[in-house]
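**Q** First the structure, then my questions, so here it is.
The values are calculated or read from the model by the stated rules, or taken from the named source; none is laboratory data. Just so we're clear, the structure is a prediction, and the values are computed from it rather than from any experiment. Cβ coordinates were reconstructed from backbone atoms using ideal geometry, including for glycine residues, and neighbour counts include every protein chain displayed.
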Amino acid sequence: MILNRENKNNQVKNGLYIVSTPIGNLGDITLRAVEILKKSDYILCEDTRVSKKLLERYDIKSKLIANHKFNEKKILSKIIEILKLNNIVALISDAGTPTISDPGAILVNECLINKINVFPIPGPSAVSSAVSISGFKEKYFFYGFFPEKNIQVQEDFENLSKLDSSIVFFISSKKFNKSIEIIKKYFFKRKILICREMTKYYEEYIRTDIKNLEPFKDTPKGELTIVISEKEKIKKASLTLEESDKKNIQKMIKKLSIRDITDLISQKSDVPKKEIYNYCLKLKNEK
């Protein structure tokens, strides 16, 4: 049986609070986040062992309920029942802002269906933190975690490479080493910022051109946040195919499609794709 706890502070409305927590340094939490967590009847967290370190630091003694990707559907009705009894419930993740590549979206949507209040308590985010120090275009696209299957990566990167904006990814350091070649394939002319252990004692920021990207010799622990720069602005009107490019196209024209040749040549050339395509078409018509 779930008991309805009395709200001791009428200034805090009943409902679900999406509370951002530190991404590394435990000092990076807002005063309001601490206040809401202390006044919450229940706190939903991914891993209670991780959350307890933060909660003990700020003497927060609210009741914890594990809420992670493996059980969030199973306990959904229980949480909705708690909320319908006019309790204050906070949702936190192991680090950063909940529902952003973390559990929580299912619960938020169910709250909206049941007309339960949902409030954001803004704060730390690995995404905005990385973009803020990148020096890249402020217009960015957040992708989230790399897909597990390479075929999905290829399909998504094909579309993402056309965006004229910065692109932010989450990825494990182990998978990053395996993904370097495909990153080079689609973003060869861009720059990259690799963020590791952000806000922690051993935080590290690696900046380089993607064409010079190399694997980590000693694979670091944890997840990486990477930011790929926007497309480089180049005036292409006066650019034409070099003789070396033409010779390469002549060798490939019988084996590959015009589209594949255009993509391959454009990765290492500043010539507009339209000009490469037209040259290929011309060769085809001459056969």
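**Q** Tell me, please, whether a residue that is closer than 25 Å to Phe142 by Cβ and of a type in the set (Phe, Trp, Tyr) can be found in region 22-43.
**A** no
**Q** Can you tell me which residue among Leu64, Leu112, Leu55 is in contact with a Cys (Cβ under 7 Å, 6 or more places away or on another chain) and farther than 29 Å from Val227 by Cα?
**A** Checking each option against the conditions leaves just Leu64.
**Q** Select, from Ile210, Ile192, Ile206, Ile171, the only residue that is without any contact (Cβ under 8 Å) to a residue 60 or more places away in the chain, more than 25 Å from Thr97 (Cβ to Cβ) and of a type in the set (A, V, I, L, M).
**A** Answer to the selection: Ile210.
**Q** Give region 42-76 a look and list any residue that's farther than 18 Å from Thr99 by Cα and touching an Asp or Glu at 6+ places or on another chain (Cβ under 9 Å), or say none.
**A** Hits for region 42-76 are Ser62, Lys63.
**Q** Here are the criteria: (1) surrounded by fewer than 13 Cβ atoms within 10 Å (Cβ to Cβ); (2) touching an Asp or Glu at 6+ places or on another chain (Cβ under 6 Å). Tell me which single one Gly135 does not satisfy.
**A** All conditions pass for Gly135, except number (2).
**Q** For region 148-163, which residues satisfy the criterion of being modelled with pLDDT under 90 and outside any helix (DSSP H, G or I)?
**A** Result: Glu148, Lys149.
**Q** Moving to a separate point now. Considering only region 152-165, I want to know if a residue exists there that is surrounded by 14 or more Cβ atoms within 10 Å (Cβ to Cβ), touching a residue at least 40 places away in the same chain (Cβ under 8 Å) and either under 22 Å from Pro98 (Cα atoms) or touching a Gly at 6+ places or on another chain (Cβ under 6 Å) (or both).
**A** Scanning region 152-165, I find no residue that is surrounded by 14 or more Cβ atoms within 10 Å (Cβ to Cβ), touching a residue at least 40 places away in the same chain (Cβ under 8 Å) and either under 22 Å from Pro98 (Cα atoms) or touching a Gly at 6+ places or on another chain (Cβ under 6 Å) (or both), so the answer is no.
**Q** Filter region 107-130 down to the residues that are out of contact with any Ser or Thr (no Cβ under 9 Å at 6 or more places or on another chain) and in contact (Cβ under 8 Å) with a residue 12 or more places away in the chain and list them by number.
**A** Cys111, Asn114, Ile116, Asn117, Val118, Phe119
**Q** Scan region 113-145 for residues that are assigned to a helix (DSSP H, G or I), of a type in the set (A, V, I, L, M, F, W, C) and within 30 Å of Ile88 (Cβ to Cβ) and report the count.
**A** Residues in region 113-145 being assigned to a helix (DSSP H, G or I), of a type in the set (A, V, I, L, M, F, W, C) and within 30 Å of Ile88 (Cβ to Cβ): 3 in total.
**Q** Right, here's the next one. Taking only pairs six or more apart or across chains, which ones have beta-carbon atoms under 9 Å, a first residue in region 79-99 that is modelled with pLDDT of 95 or more, and a second residue that is part of a helix (DSSP H, G or I) and basic (Lys, Arg)?
**A** These pairs meet every condition: Ile88/Lys39; Ala90/Lys39.
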